[in-house]
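*Asks:* Take this structure, written in structure tokens, and hold onto it; I'll ask about it next.
The values are calculated or read from the model by the stated rules, or taken from the named source; none is laboratory data. Note that the structure is predicted; figures quoted are calculated from it, not measured. Quick reminder, even Gly has a Cβ in these numbers, built from the backbone with ideal geometry, and neighbours come from all protein chains shown.
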Amino acid sequence: MRWSNLKSITLVFLALSTATSSMIYELLVAQLIAHFTNQLITWQCISIGIYLGGLGLGAWRSERIEKQSFQKFFLLETHLSLLGALLITFICGLNIIYRTFIFQPLQSEDGGILFFALIAQVFNFLISYWAGMEIPLIASMWKLLPARSSLTTTQSTAFILGLSYFGAFCGSILFSLWLFPQFHYAKTAMIVSFFNFISGFIFLVTFRPPIQWKTMIYFTAVGLVINLMISISKKTYEYSVQNYYYGMRLTTYKAIPILIDRVLNSPPVQQIITPVQTIDLVFSNSLIDSNFPNHQSEVRPYHLYMDQRLQHSSMNEYTYHETMVHVPLQLHGRIPQKVLVLGAGDGLLIRELLKYPEIKEIILVEIDKDFIDLAQTYSLFYKLNKNSLHNPKVKIIVGDAYYFTRSTNEKFDAIFADFPWPFQYDLAKLYSKEFYLQLNKILSTNGFLILDFPILDSIKSFEKYVDIMRSTLKSANFKQTLIMDLNKESFIFAQAEDSKLNFSYQKLSFDITILIEQNLKELNNVYLQQKEPVGSLVNSIFKPIILNISDPRF
């Protein structure tokens with residue numbers, strides 16, 4: 001192979017690799033910030049904007065170093081490699097500082113989270129800025145090759161830009177389909193950082209630019225930093241996860257040793273990242289929940305978090321699932337034969353439904369196949385759910401509940417919707433008028449809908465959200481809606497018929513762990529008073545409304 005051809009191939013490779021790596025870094029920054037803030041769409045959009053802005057500014061500034069294109073490109077590639085190596089440690093460390101000294105729980109508007117996220121975006125900007133400078137330099141070097149000397153500046157630039165756009169496309173595909181699902185945060189960053197370092201080395205060997213000895217020392221040092229950060233990045237991320245669940249807000253620096261000791265000596269968080277969500281199992285050293293001292297966990301005590309939002313605790317999950325199933329069934333007065341369960345892939349709600357022999361069929365629609373597999377095979381889960389997902393009455397469908405309800409022609413006597421609360425716009429569709437219209441359509445005559453929904457008396461804004469839920473259900477032709485706030489759990493009962501609820505308490509024929517009788521009496525005395533919505537706001541997929549609160553408990 002001729003030497004000029006080797007240089008051409010090297011520049012093509014560098015144009016692709018620069019765009020590929022910078023795009024992966026951008027996606028990694030956006031994903032990590034979204035993970036810590038639970039604001040996926042917001043920070044994905046802001047990250048893309050900052051990334052494109054940095055590319056443009058870098059391209060504009062590149063004319064100042066064009067005369068030293070070979071030397072500067074090598075230096076810029078070394079910069080990118082170093083930033084990639086430090087990326088995870090910097091953002092995770094920043095999050096630890098934010099949660100330790102700035103975080104304000106129970107505040108819907110936490111300015112500290114904006115401060116954390118914007119500072120973290122510095123890495124995104126610097127990476128895109130330097131990558132933006134590299135692309136014109138590659139175009140300049142391309143034109144300097146003897147075989148390409150006849151090309152105009154426009155032709156060289158167009159070719160290299162085309163390669164860079166294709167490289168960005170490759171980066172997005174690699175990140176979403178291979179790197180992140182396979183290696184997650186720390187390893188992905190280190191793989192791309194090492195890739196940048198190797199790219200710089202290939203450029204150095206191929207073009208042999210006149211490099212100062214200081215630059216070579218810097219390049220060698222970056223290689224050592226990459227090897228060092230392989231372990232540090234992973235441990236920093238793991239510590240940030242531990243700190244999220246076991247840490248505390250400090251008012252004095254003197255308490256830092258106490259915090260570190262507390263975090264490091266807590267049970268390790270078991271994290272499972274699926275294509276749909278991040279699942280965290282946070283274990284407890286106590287077998288008893290102080291709120292329910294008479295009940296002891298049947299399995300090793302744990303708290304299950306999805307995308308850092310609490311889903312259930314093994315020590316008191318029964319208060320939620322028994323209340324969600326038995327109270328509305330007793331309230332309605334008739335036991336359904338065919339039930340649709342949306343969400344609730346852990347099998348705990350189905351465990352309670354299977355206590356009724358009158359129920360002939362249960363269809364479970366869950367979007368996360370990995371979560372279902374976990375509930376069926378992981379001993380902590382299948383012991384707690386009594387192996388409910390293997391029951392022949394249960395049919396499991398892996399898919400999006402929103403689209404399932406639009407495609408099915410079946411009718412159901414009862415629908416239980418157990419979704420994460422709409423803290424993000426992509427979840428708001430599951431609380432929308434359009435979705436509830438579909439649920440109403442597939443309900444059989446005299447069927448009912450039960451929804452999980454948070455009601456917090458301590459936060460005034462929730463009164464507005466409850467009113468929005470009433471208005472949204474009313475707009476979807478549900479004529480009866482009942483807000484149930486029982487035993488520290490809250491639900492919405494809805495049905496299309498405007499008939500009197502056949503409320504009657506009867507002794508259940510199976511064992512339960514919570515005082516259903518007390519709950520039903522409380523319901524009979526207090527919560528059967530239905531209210532008309534005060535406002536007219538309706539949640540719609542065309543105008544979504546989200547719960548704006550930063551409290552990590554919800």
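*Asks:* Across region 1-51, which residue is surrounded by the fewest Cβ atoms within 10 Å (Cβ to Cβ) among those that are within 21 Å of the chain's Cα centre (by Cα) and in a loop (DSSP other than H, G, I, E, B)?
*Replies:* Selected residue: ASN38.
Quick grid of which residues meet (1) assigned by TED's automatic domain parsing to the domain that holds LEU28; (2) at pLDDT 95 or above; (3) touching a His at 6+ places or on another chain (Cβ under 7 Å); (4) over 29 Å from SER240 (Cβ atoms):
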| residue | (1), (2), (3), (4) |
| --- | --- |
| ALA147 | yes, no, no, yes |
| LEU151 | yes, no, no, yes |
| THR157 | yes, no, no, yes |
| PHE166 | yes, yes, no, yes |
| GLY171 | yes, yes, no, no |
| SER176 | yes, no, no, no |
| PHE183 | yes, no, no, no |
| VAL192 | yes, yes, no, no |
| ASN196 | yes, yes, no, no |
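*Asks:* Right, LYS433: in contact (Cβ under 8 Å) with a residue 60 or more places away in the chain, touching an Asp or Glu at 6+ places or on another chain (Cβ under 9 Å) and farther than 26 Å from GLY333 by Cβ or not?
*Replies:* No, not satisfied.
*Asks:* Among ILE135, ILE113, which is within 23 Å of the chain's Cα centre (by Cα), assigned to a helix (DSSP H, G or I) and modelled with pLDDT under 95?
*Replies:* ILE113
*Asks:* When you look at ILE396, is it modelled with pLDDT of 95 or more, in contact with an Asp or Glu (Cβ under 9 Å, 6 or more places away or on another chain), of a type outside the set (S, T, N, Q) and more than 24 Å from LEU437 (Cβ to Cβ), yes or no?
*Replies:* Yes: the conditions hold for ILE396.
*Asks:* A follow-up question, please. Using the structure shown, decide if TYR305 is touching a Pro at 6+ places or on another chain (Cβ under 9 Å), under 17 Å from ASN387 (Cα atoms) and modelled with pLDDT of 90 or more.
*Replies:* no
*Asks:* How many residues does region 242-274 hold that are of a type outside the set (Ser, Thr, Tyr), in contact (Cβ under 8 Å) with a residue 12 or more places away in the chain, surrounded by 13 or more Cβ atoms within 10 Å (Cβ to Cβ) and not in a loop (DSSP other than H, G, I, E, B)?
*Replies:* Within region 242-274, residues that are of a type outside the set (Ser, Thr, Tyr), in contact (Cβ under 8 Å) with a residue 12 or more places away in the chain, surrounded by 13 or more Cβ atoms within 10 Å (Cβ to Cβ) and not in a loop (DSSP other than H, G, I, E, B) number 9.
*Asks:* Is at least one residue of region 220-236 more than 28 Å from PHE103 (Cα to Cα), over 25 Å from the mean Cα position of the chain (by Cα) and outside any helix (DSSP H, G or I)?
*Replies:* Checked against the condition, which is being more than 28 Å from PHE103 (Cα to Cα), over 25 Å from the mean Cα position of the chain (by Cα) and outside any helix (DSSP H, G or I), region 220-236 yields no hits at all.
*Asks:* For the structure I just gave you, tell me whether ILE135 is aliphatic (A, V, I, L, M) and under 18 Å from PHE70 (Cα atoms).
*Replies:* yes
*Asks:* Can you find, within region 189-241, the residue that is surrounded by the fewest Cβ atoms within 10 Å (Cβ to Cβ) among those that are within 26 Å of ASN95 (Cβ to Cβ) and hydroxyl-bearing (Ser, Thr, Tyr)?
*Replies:* In this case the residue turns out to be SER231.
*Asks:* Do we find that GLN376 is more than 22 Å from the chain's Cα centre (by Cα), farther than 23 Å from PHE435 by Cβ and surrounded by 19 or more Cβ atoms within 10 Å (Cβ to Cβ) in this structure?
*Replies:* So GLN376 does not fit the description; no.
*Asks:* Working only within region 52-71, note down all residues that are surrounded by fewer than 19 Cβ atoms within 10 Å (Cβ to Cβ) and under 14 Å from TYR129 (Cβ atoms).
*Replies:* Within region 52-71, LEU52, GLY53, GLY56, LEU57, TRP60, ARG61, ARG64, ILE65 meet the criteria.
*Asks:* Let me ask another. Scan region 394-409 and report the pairs whose first residue is assigned by TED's automatic domain parsing to the domain that holds LYS338 and touching a residue at least 24 places away in the same chain (Cβ under 8 Å) and whose second residue is surrounded by 12 or more Cβ atoms within 10 Å (Cβ to Cβ) and among the hydroxyl-bearing types (Ser, Thr, Tyr), with Cβ atoms within less than 8 Å and a gap of 6+ or a chain change.
*Replies:* VAL394/SER388
*Asks:* Quick check on my filter: what residues within region 152-172 are more than 17 Å from SER128 (Cα to Cα), among the β-branched types (Val, Ile, Thr) and either touching a residue at least 12 places away in the same chain (Cβ under 8 Å) or assigned to a helix (DSSP H, G or I) (or both)?
*Replies:* Once the filter is applied, which keeps residues that are more than 17 Å from SER128 (Cα to Cα), among the β-branched types (Val, Ile, Thr) and either touching a residue at least 12 places away in the same chain (Cβ under 8 Å) or assigned to a helix (DSSP H, G or I) (or both), region 152-172 yields THR153, THR154, THR157.
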